[in-house]
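None of the figures in this text is laboratory data; all of them are computed from the coordinates on show. Note that the structure is a prediction, hence the values are computed from the model and not measured. Here Cβ is always computed from backbone atoms with ideal geometry, including for glycine, and neighbour counts include all displayed protein chains.
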Amino acid sequence: MHTVSNLVKVTIPSYLESLPIPDTLGGWFRLGVKDWLALIPPTLVIGGVSYYSYYSYQVIKKVRNGMAPINPSIRKDQPKVVDVIDIEDINGKQAFCRCWKSANWPICDGTHATHNMLSGDNTGPVVVKFRESK
Ligand code: FES
């Protein structure tokens, strides 16, 4: 714990104090190459933290607005996932995945139960029943 305390109270403030940040706008134009090189690491850290914060904010905003991707992994190399099933190929009934988590897409493999348990969701398959004509 002492190491973290020392880092926050001594090391980081000392490092920031040693940076060649000018007091005036004109001071930026008088910085030398060595000064600019010294400013690169903190600039990268600040840029990275800012970018990650902005990215996280955008993801959270999309999730809240219901705009997050539904499909986590199925055929992500394709622009659209489309399956055509011939009703003649369904023998009796068939459950089709609607949770996008099945390893046997588009057939439901029951993975929705784990997803529902972990997330509190209530997704389930659509079951197509084939009824023979009379
Ligand atoms: S596995 Fe997706 S709905 Fe069953």
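Counting alpha carbon pairs within less than 8 Å and at least 6 residues apart, what relative contact order, in whole percent, applies to region 69-134? Relative contact order, region 69-134: 33 percent. The lysine pair tally for the chain, using Cα distances under 27 Å and a gap of 8 or more places or different chains, is 15. When the charge dipole of region 69-134 is built from unit charges on Cβ atoms (+1 for Lys and Arg, -1 for Asp and Glu) and taken about the Cα centre, the candidate among Asn122, Ile90, Cys108 whose Cα reaches farthest toward its positive end is Asn122. Fewest neighbouring Cβ atoms within 10 Å first, the residues Phe96, Phe130, Phe29 line up as Phe29, Phe130, Phe96.
Can you give the convex hull volume per residue for the Cα atoms of the chain, as a whole number of Å³? It would help to have the intermediate numbers written out before the result.
Values: hull volume 31.1 nm³, N = 134.
Measuring per residue, one finds 232 Å³ for the Cα hull of the chain.
Residues whose amide H falls under 5 Å from that of Ile107, counting only those 5 or more places apart or on a different chain, are Cys97, with hydrogens built in the peptide plane. Taking all Cα pairs closer than 8 Å and separated by 6 or more residues, the relative contact order of the chain comes to 15 percent. Any idea what angle helix 33-64 forms with the longest principal axis of the chain, computed on alpha-carbon atoms, 0 to 90 degrees, nearest 10? Computed tilt is about 30 degrees.
Expressed as a fraction of 2.2 N^0.38 Å, the rule-of-thumb size for a compact globular protein of N residues, what is the C-alpha radius of gyration of region 69-134? Provide the component values of the computation, followed by the final result.
Numbers: Rg = 13.6 Å, N = 66, 2.2 N^0.38 = 10.8 Å.
Compared with the compact-globule rule of thumb, region 69-134 sits at 1.26.
Taking the Cα atoms of region 2-64, the ratio Rg/Rh between the radius of gyration and the Kirkwood radius comes to 1.14.
So if R0 is 35 Å, what FRET efficiency would Phe29 and Tyr52 give, r being the distance between their Cβ atoms, rounded to the nearest 0.05?
So, using R0 = 35 Å, E works out to roughly 0.70.
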